[in-house]
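First up is the structure itself, then whatever we jot down about it.
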Amino acid sequence: MDLKGLKINFLGDSITEGYGCSSEATRFTNKIAAEHGAITRCYGISGTRLAHQTKPSDNPRHDLDFPSRVADMDPDADLIVVFGGTNDFGHGDAPFGNFSDRTAETFCGALHELYVSLLEKYHNAAIMVMTPLHRATEAIPNMHGKVLKDYVDMIRRAAEYYSLPVLDLYATYGVQPAVPVMMEKFMPDGLHPNDAGHVILTNKIVKFIESL
C-alpha cells in the first residue's frame with residue numbers, strides 16, 4: 001500500500017497515545033503522517049484494554065475497552081491498525097478465557113468481538129494487527145496465571161482466524177527491556193517506548209504497511 005494520502009485509524013492504548021514521547025510530534029502516528037504523507041487518526045487511550053473490566057477502575061477512562069470504541073472511529077478509513085493487549089496482561093481483571101468465547105467479558109472473547117466489529121464496519125478497508133512489545137514484567141504471571149506471551153499468542157491466533165495480517169512486534173521490534181542497555185536507550189520505564197523507540201515503531205509499521 002502507498003502511504004501517501006492513506007487514511008489510517010490507529011486503535012490502541014498509551015503507546016499509541018504517545019505516553020513516553022517528548023512531544024506529540026515524536027509519536028509514531030504523527031511521524032507516519034509527517035514523513036510519509038498519510039492521514040492518521042489516533043484513537044489511543046492510556047490504560048485501556050481489549051477486554052471489558054469486571055470491576056470499575058479508579059480512572060473510568062481506563063475502562064473504555066477496544067470493542068466499545070469502534071463505533072466512535074471515523075468510518076472513512078483505508079486502513080485500521082489495532083495495537084493493544086499489554087494492559088490486559090498488566091492490570092486487566094477480565095479472565096483470559098478460551099478461543100471459543102465471543103464476548104468482551106474475557107480477553108479471548110474480546111478479540112473476536114473486536115475483529116468482527118471492525119470487519120463489519122470497515123469491510124472495504126484493510127485491517128492489520130500488531131502484537132504487544134516486550135516489557136520488563138512479561139515473565140511474571142499475572143492475576144490469571146498468564147504471562148505476556150500467552151496474550152501475544154492469542155492475538156496472533158485470533159487474527160489468523162479472521163485472516164488479518166499481523167505485524168509481530170513481540171518477535172521483531174528489536175527491543176528487549178530485560179537487557180539493561182536496551183531498556184535505557186529505547187524503553188526507560190520497561191513498558192513505554194521513548195522517542196528513539198517510536199522511530200523504530202514508525203519504521204517497522206511503514207515497511208509492513210507498504211507490504212500489504
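The values are calculated or read from the model by the stated rules, or taken from the named source; none is laboratory data. Computed from a prediction, not measured in an experiment: that's the story for all the values here. All Cβ positions, glycine included, derive from the backbone under ideal geometry; neighbour counts span all protein chains shown.
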>> Going by what's in this entry, would TYR151 be described as without any contact (Cβ under 8 Å) to a residue 40 or more places away in the chain and buried (at least 18 other Cβ atoms within 10 Å of the Cβ)?
In response: no
>> Quick check on the stretch 165-176: of everything there that is in contact with a Pro (Cβ under 9 Å, 6 or more places away or on another chain) and not hydroxyl-bearing (Ser, Thr, Tyr), which residue is farthest from GLU35 (Cα to Cα)?
In response: VAL175
> Quick one: ALA25 ticks every box in (1) among the aliphatic types (A, V, I, L, M); (2) in a helix (DSSP H, G or I); (3) out of contact with any Lys or Arg (no Cβ under 8 Å at 6 or more places or on another chain); (4) farther than 17 Å from ARG157 by Cβ bar one, so which box is it?
Replying inline: (3)
> What is the residue count in the stretch 187-212 for residues that are over 18 Å from the mean Cα position of the chain (by Cα) and either small (Gly, Ala, Ser) or assigned to a helix (DSSP H, G or I) (or both)?
Replying inline: 3
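Can you confirm whether the stretch 49-57 contains a residue that is outside any loop (DSSP other than H, G, I, E, B) and surrounded by 15 or more Cβ atoms within 10 Å (Cβ to Cβ)?
Within the stretch 49-57, not a single residue is outside any loop (DSSP other than H, G, I, E, B) and surrounded by 15 or more Cβ atoms within 10 Å (Cβ to Cβ).
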> Regarding TYR162, is this residue out of contact with any Ser or Thr (no Cβ under 6 Å at 6 or more places or on another chain) and among the hydroxyl-bearing types (Ser, Thr, Tyr)?
Replying inline: yes
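Matching residues to (1) at pLDDT below 95; (2) in a helix (DSSP H, G or I); (3) in contact with a strand residue (DSSP E or B) (Cβ under 7 Å, 6 or more places away or on another chain):
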site: ARG157; (1), (2), (3): no, yes, no
site: LEU164; (1), (2), (3): no, no, yes
site: GLN176; (1), (2), (3): no, no, no
site: MET182; (1), (2), (3): no, yes, no
>> Looking only at the stretch 161-212, filter to residues that are charged (D, E, K, R) and without any contact (Cβ under 8 Å) to a residue 60 or more places away in the chain; which one of those is surrounded by the most Cβ atoms within 10 Å (Cβ to Cβ)?
In response: LYS204
